[in-house]
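Quick notes on the structure that follows.
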Amino acid sequence: IQFYMANKGPSYGMSCEAQSRIEKKYDEGLEEWLVEWIIVQYGPAVGCPDRGRLGFQLWLKNGVIHKLVNSLYPDGSTPVNMPENLPSMVFKQMGQVAQFLKAAEDYGVTKTDMFQTVDLFEGKDMAAVQRTLMALGSLAVTKNDGYYRGDANWFMKKAQEHKREFTDSQLQEEKHIRAATEGPPRLA
(Lines give C-alpha, C1' and ligand atoms only; values in the text may rest on other atoms or scores of the structure.)
Protein backbone atom coordinates (compact mmCIF):
# COMPACT_ATOMS: atom_id res chain seq x y z
CA ILE A 1 0.00 0.00 0.00
CA GLN A 2 1.31 3.43 -0.90
CA PHE A 3 0.33 6.51 1.05
CA TYR A 4 0.46 9.92 -0.53
CA MET A 5 1.22 13.17 1.22
CA ALA A 6 -1.99 14.80 0.15
CA ASN A 7 -4.77 12.22 0.29
CA LYS A 8 -7.46 14.37 -1.30
CA GLY A 9 -10.97 13.53 -2.25
CA PRO A 10 -12.73 14.77 -5.37
CA SER A 11 -12.65 18.46 -6.24
CA TYR A 12 -15.81 20.55 -6.37
CA GLY A 13 -16.73 23.96 -7.78
CA MET A 14 -13.86 26.18 -8.88
CA SER A 15 -11.22 23.61 -7.85
CA CYS A 16 -12.87 21.06 -10.12
CA GLU A 17 -13.03 23.55 -13.01
CA ALA A 18 -9.37 24.55 -12.57
CA GLN A 19 -8.22 20.92 -12.47
CA SER A 20 -10.33 20.16 -15.55
CA ARG A 21 -8.66 23.01 -17.49
CA ILE A 22 -5.20 21.72 -16.46
CA GLU A 23 -6.06 18.18 -17.54
CA LYS A 24 -7.27 19.38 -20.96
CA LYS A 25 -3.75 20.70 -21.69
CA TYR A 26 -2.32 17.17 -21.53
CA ASP A 27 -1.45 15.90 -25.02
CA GLU A 28 -1.71 12.12 -25.55
CA GLY A 29 0.02 12.37 -28.94
CA LEU A 30 2.92 14.19 -27.31
CA GLU A 31 3.02 11.46 -24.65
CA GLU A 32 3.59 8.80 -27.33
CA TRP A 33 6.31 10.88 -28.93
CA LEU A 34 8.09 11.54 -25.61
CA VAL A 35 7.92 7.83 -24.74
CA GLU A 36 9.52 7.01 -28.09
CA TRP A 37 12.33 9.54 -27.47
CA ILE A 38 12.99 8.31 -23.92
CA ILE A 39 13.24 4.71 -25.13
CA VAL A 40 15.63 5.71 -27.93
CA GLN A 41 17.61 7.98 -25.59
CA TYR A 42 18.08 5.54 -22.72
CA GLY A 43 17.46 2.21 -24.41
CA PRO A 44 14.79 -0.48 -24.21
CA ALA A 45 15.70 -1.29 -20.59
CA VAL A 46 13.33 1.51 -19.49
CA GLY A 47 10.39 -0.56 -20.69
CA CYS A 48 7.21 0.98 -21.97
CA PRO A 49 4.45 2.63 -19.90
CA ASP A 50 0.78 1.82 -19.93
CA ARG A 51 -0.96 4.26 -22.26
CA GLY A 52 -2.48 7.38 -20.81
CA ARG A 53 -1.69 10.03 -18.25
CA LEU A 54 -1.53 7.71 -15.23
CA GLY A 55 0.66 5.12 -16.96
CA PHE A 56 3.03 7.86 -18.16
CA GLN A 57 3.15 9.42 -14.68
CA LEU A 58 3.94 6.13 -12.91
CA TRP A 59 6.56 5.18 -15.52
CA LEU A 60 8.38 8.50 -15.19
CA LYS A 61 8.34 8.73 -11.42
CA ASN A 62 9.48 5.13 -10.98
CA GLY A 63 12.97 6.02 -12.10
CA VAL A 64 12.66 6.59 -15.84
CA ILE A 65 12.90 10.38 -15.56
CA HIS A 66 16.20 9.99 -13.66
CA LYS A 67 17.60 7.58 -16.22
CA LEU A 68 16.67 10.04 -18.97
CA VAL A 69 18.51 13.02 -17.50
CA ASN A 70 21.50 10.86 -16.56
CA SER A 71 21.74 9.62 -20.17
CA LEU A 72 22.38 13.19 -21.32
CA TYR A 73 25.64 13.34 -19.36
CA PRO A 74 28.94 11.52 -19.94
CA ASP A 75 29.43 8.20 -18.14
CA GLY A 76 30.59 8.70 -14.57
CA SER A 77 29.15 12.20 -14.17
CA THR A 78 25.48 11.39 -13.67
CA PRO A 79 23.69 14.15 -11.74
CA VAL A 80 20.96 11.97 -10.19
CA ASN A 81 22.00 9.18 -7.85
CA MET A 82 19.85 6.16 -8.56
CA PRO A 83 19.37 3.75 -5.67
CA GLU A 84 19.17 0.04 -6.51
CA ASN A 85 15.58 -0.05 -5.27
CA LEU A 86 13.27 2.91 -5.40
CA PRO A 87 12.65 4.41 -1.96
CA SER A 88 9.43 3.36 -0.28
CA MET A 89 9.03 6.47 1.86
CA VAL A 90 7.07 9.25 0.17
CA PHE A 91 9.41 12.09 1.12
CA LYS A 92 12.38 10.17 -0.33
CA GLN A 93 10.45 9.51 -3.54
CA MET A 94 9.66 13.22 -3.79
CA GLY A 95 13.34 13.91 -3.13
CA GLN A 96 14.18 11.82 -6.19
CA VAL A 97 11.88 13.99 -8.33
CA ALA A 98 13.52 17.09 -6.84
CA GLN A 99 16.93 15.69 -7.85
CA PHE A 100 15.70 15.38 -11.42
CA LEU A 101 14.48 19.00 -11.37
CA LYS A 102 17.85 20.21 -10.07
CA ALA A 103 19.68 18.19 -12.75
CA ALA A 104 17.39 19.57 -15.48
CA GLU A 105 17.99 23.12 -14.25
CA ASP A 106 21.75 22.53 -14.15
CA TYR A 107 21.49 21.18 -17.71
CA GLY A 108 19.92 24.48 -18.79
CA VAL A 109 16.15 24.09 -18.54
CA THR A 110 14.75 27.44 -17.41
CA LYS A 111 12.61 27.75 -14.31
CA THR A 112 9.66 28.81 -16.46
CA ASP A 113 9.88 25.48 -18.33
CA MET A 114 10.13 23.46 -15.12
CA PHE A 115 7.29 21.50 -13.52
CA GLN A 116 6.74 21.37 -9.77
CA THR A 117 7.42 18.17 -7.83
CA VAL A 118 3.69 17.57 -7.18
CA ASP A 119 2.93 17.92 -10.89
CA LEU A 120 4.65 14.58 -11.48
CA PHE A 121 4.49 12.97 -8.06
CA GLU A 122 0.76 13.48 -7.54
CA GLY A 123 -0.13 13.88 -11.22
CA LYS A 124 -1.35 17.45 -10.64
CA ASP A 125 -0.20 18.82 -14.01
CA MET A 126 1.24 16.23 -16.39
CA ALA A 127 1.12 18.81 -19.22
CA ALA A 128 3.77 20.77 -17.27
CA VAL A 129 5.84 17.57 -17.07
CA GLN A 130 5.53 17.24 -20.85
CA ARG A 131 6.71 20.85 -21.31
CA THR A 132 9.77 20.20 -19.14
CA LEU A 133 10.66 17.08 -21.13
CA MET A 134 10.26 19.03 -24.39
CA ALA A 135 12.58 21.76 -23.08
CA LEU A 136 15.11 19.11 -22.00
CA GLY A 137 15.01 17.48 -25.44
CA SER A 138 15.37 20.83 -27.20
CA LEU A 139 18.42 21.66 -25.09
CA ALA A 140 19.96 18.26 -25.77
CA VAL A 141 19.61 18.80 -29.53
CA THR A 142 20.93 22.36 -29.27
CA LYS A 143 24.00 21.36 -27.24
CA ASN A 144 24.97 18.86 -29.93
CA ASP A 145 27.53 17.33 -27.55
CA GLY A 146 27.11 13.74 -28.68
CA TYR A 147 24.90 12.58 -25.80
CA TYR A 148 21.53 13.15 -27.49
CA ARG A 149 20.18 10.03 -29.20
CA GLY A 150 17.35 10.16 -31.65
CA ASP A 151 16.30 12.19 -34.63
CA ALA A 152 17.53 15.79 -34.31
CA ASN A 153 14.28 16.92 -35.96
CA TRP A 154 12.21 15.66 -33.03
CA PHE A 155 12.92 18.86 -31.11
CA MET A 156 13.29 22.53 -31.95
CA LYS A 157 16.76 23.90 -31.39
CA LYS A 158 16.88 26.65 -28.79
CA ALA A 159 18.07 30.06 -29.94
CA GLN A 160 21.70 30.55 -29.04
CA GLU A 161 23.60 33.69 -28.21
CA HIS A 162 25.77 34.86 -31.08
CA LYS A 163 28.46 37.16 -29.70
CA ARG A 164 30.36 39.35 -32.08
CA GLU A 165 33.87 40.56 -31.44
CA PHE A 166 35.02 43.90 -32.85
CA THR A 167 38.54 45.25 -33.10
CA ASP A 168 39.46 48.61 -31.59
CA SER A 169 39.76 50.13 -35.07
CA GLN A 170 36.24 48.92 -35.96
CA LEU A 171 34.85 50.46 -32.77
CA GLN A 172 36.63 53.80 -33.48
CA GLU A 173 35.31 53.81 -37.04
CA GLU A 174 31.76 53.26 -35.75
CA LYS A 175 32.14 56.25 -33.38
CA HIS A 176 33.26 58.48 -36.27
CA ILE A 177 30.34 57.38 -38.44
CA ARG A 178 27.86 57.96 -35.63
CA ALA A 179 29.29 61.43 -34.91
CA ALA A 180 29.11 62.38 -38.59
CA THR A 181 25.49 61.30 -38.98
CA GLU A 182 24.19 62.73 -35.71
CA GLY A 183 25.69 66.21 -36.12
CA PRO A 184 26.31 68.63 -33.27
CA PRO A 185 24.32 68.26 -30.06
CA ARG A 186 21.10 70.31 -29.95
CA LEU A 187 20.36 72.81 -27.23
CA ALA A 188 17.01 72.57 -25.59
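Things worth noting here:
- The simple Förster model, with R0 at 30 Å and r as the Cβ-Cβ distance, assigns D151 and A98 a FRET efficiency of 0.45.
- Shape summary of the range 48-188, radius of gyration then Dmax from alpha carbon positions: 23.0, 76 Å.
- D168 - accessible surface, heavy atoms, 1.4 Å probe, Å² rounded to 10: 120
- Around Q116: net Lys/Arg minus Asp/Glu count, Cβ-Cβ under 10 Å: -2
- For the residues H176, H66, a 1.4 Å probe over the protein chains yields an accessible-area ranking, largest first, of H176, H66.
- The listed residues L120, L30, once ranked by accessible area (1.4 Å probe) with the largest placed first, stand as L30, L120.
The values are calculated or read from the model by the stated rules, or taken from the named source; none is laboratory data. What you see is a predicted model, and the numbers here were worked out from it, not measured in a lab. Don't worry about glycine lacking a Cβ; one is built from the backbone with ideal geometry, like all the others, and counts go over all protein chains shown. These area figures cover heavy atoms from the full protein model, side chains too; ligands, DNA and RNA do not enter into them. Shrake-Rupley method; radii C 1.70, N 1.55, O 1.52, S 1.80 Å.
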